[in-house]
Amino acid sequence: MRIILLGAPGAGKGTQAQFLTKKYNIPQISTGDMLRAAIKAGTEMGKLAKEAMDAGKLVTDEIIIGLVKDRIAEDDCKNGYLLDGFPRTLAQADAVTNAGIQIDAVIEIDVADEEIVKRMSGRRAHLASGRTYHVVFNPPKVEGKDDITGEDLVQRDDDKEEVVLDRLKVYHDQTEPLIGYYKEQAANNSAIKYITVDGTADITDVEKAIVSGLAQ
C-alpha cells in the first residue's frame with residue numbers, strides 16, 4: 001500500500017500515519033529523516049543535499065525526488081510506504097508523477113479551519129515532562145496547572161492562534177491545490193484511490209473510514 005496523506009496542520013495526519021504504518025506494515029517516509037540519513041551515509045544525493053544546505057540554499061525538488069526513489073527501493077518498502085509531508089506543492093506532485101513513483105491511494109483528512117484553530121490554540125503543555133492538555137477536550141484538574149506537579153502549563157508558540165492561522169494560510173496557498181490534482185489523477189486512473197474522511201469524527205471512526213475506503 002503506497003499512500004500520500006493530505007490535510008491541514010492539526011488535522012490529525014500524524015495520528016493516522018501511526019495507525020496506517022502499523023496496519024499495513026509500511027514505513028513512514030519523512031523527507032527530513034531521509035535528508036539526515038542520506039547526509040550521514042554520504043550518498044550521492046546526500047552530498048548534493050549537504051552542498052545546498054551548507055550554501056544556505058533550499059534543497060531542490062530534484063534532490064528530494066532522488067532521495068525518495070532511493071528510499072522506496074529499500075527492503076522495508078516492499079509492502080509499500082507512506083509519504084509524510086511530501087509532496088507539498090504542485091511542482092513536487094508533478095515531479096513525483098514524472099519520476100514514476102507509484103501511489104495507490106491519497107487520503108485527505110478534512111477538518112475546517114475553525115476547528116483546527118480551536119484544537120491547536122487550546123493545547124497547553126507541561127514542558128518539563130512533555131505532558132499535554134487541552135482547555136476544552138482534555139483540561140487539567142486545576143486550570144493552567146499540571147496534574148502531577150501543580151506547575152504552570154504553557155502555550156507553545158506554534159499553538160498560538162496567529163501562528164496557527166499563518167500555517168493554515170501557507171497550507172491553503174501551497175498544499176491545498178494537491179487535492180484537486182490527485183482527485184483528477186484518481187478520476188483518470190482506476191489504480192489510484194482518492195479517499196476523503198471527516199477528521200472531526202472519533203479517531204476510531206476515522207480509522208474505519210480509511211480502511212473501508214482502501215478496501216473498496
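The values are calculated or read from the model by the stated rules, or taken from the named source; none is laboratory data. Quick caveat: nothing in here was measured; it's all calculated off a predicted structure. Neighbour counts are summed over all protein chains in view; Cβ atoms, including those assigned to glycine, are modelled from backbone coordinates with ideal geometry. For the accessible areas, the whole protein counts, side chains as well, though only heavy atoms, and no ligand, DNA or RNA atoms are used. Shrake-Rupley method; radii C 1.70, N 1.55, O 1.52, S 1.80 Å.
Residues of segment 132-142 that are closer than 23 Å to Ile116 by Cβ and either of a type in the set (Val, Ile, Thr) or not in a strand (DSSP E or B) (or both): Thr132, Val135, Val136, Phe137, Pro139, Pro140. Count, please, the residues in segment 160-171 that happen to be within 17 Å of the chain's Cα centre (by Cα) and open to solvent by less than 60 Å² (accessible area, probe 1.4 Å). Looking only at that region, the number is 3. Total residues in segment 202-216 satisfying the condition of being assigned to a helix (DSSP H, G or I) and open to solvent by 20 Å² or more (accessible area, probe 1.4 Å): the figure is 9.
Taking the criterion of being closer than 15 Å to Ser121 by Cα and either surrounded by 11 or more Cβ atoms within 10 Å (Cβ to Cβ) or in contact with a Phe, Trp or Tyr (Cβ under 8 Å, 6 or more places away or on another chain) (or both), the residues of segment 136-157 that qualify are Asn138, Pro139, Gly144, Leu153, Val154, Gln155, Arg156.
Could you say whether any residue in segment 22-35 is open to solvent by 60 Å² or more (accessible area, probe 1.4 Å) and touching a strand residue (DSSP E or B) at 6+ places or on another chain (Cβ under 8 Å)? Checking segment 22-35: at least one residue is open to solvent by 60 Å² or more (accessible area, probe 1.4 Å) and touching a strand residue (DSSP E or B) at 6+ places or on another chain (Cβ under 8 Å).
You will find that of Gly199, Gly180, Gly122, the residue that is farther than 23 Å from Arg88 by Cβ and either among the acidic types (Asp, Glu) or open to solvent by less than 80 Å² (accessible area, probe 1.4 Å) (or both) is Gly122 and no other. Pairs linking a residue in segment 101-114 that is aliphatic (A, V, I, L, M) to a residue that is open to solvent by less than 50 Å² (accessible area, probe 1.4 Å) and in a strand (DSSP E or B), with Cβ atoms under 6 Å and 6 or more positions apart or on different chains, are Ile103/Ile4; Ala105/Ile3; Val106/Ile4; Val106/Tyr194; Ile107/Leu5; Ile107/Ile195; Ile109/Val197. Would you mind stating whether Ala8 is assigned to a loop (DSSP other than H, G, I, E, B) and closer than 23 Å to Arg119 by Cβ? It is true that Ala8 is assigned to a loop (DSSP other than H, G, I, E, B) and closer than 23 Å to Arg119 by Cβ. Among the residues of segment 80-105, those identified as in contact with a Lys or Arg (Cβ under 7 Å, 6 or more places away or on another chain), open to solvent by less than 20 Å² (accessible area, probe 1.4 Å) and of a type outside the set (A, V, I, L, M) are Gly80, Tyr81.
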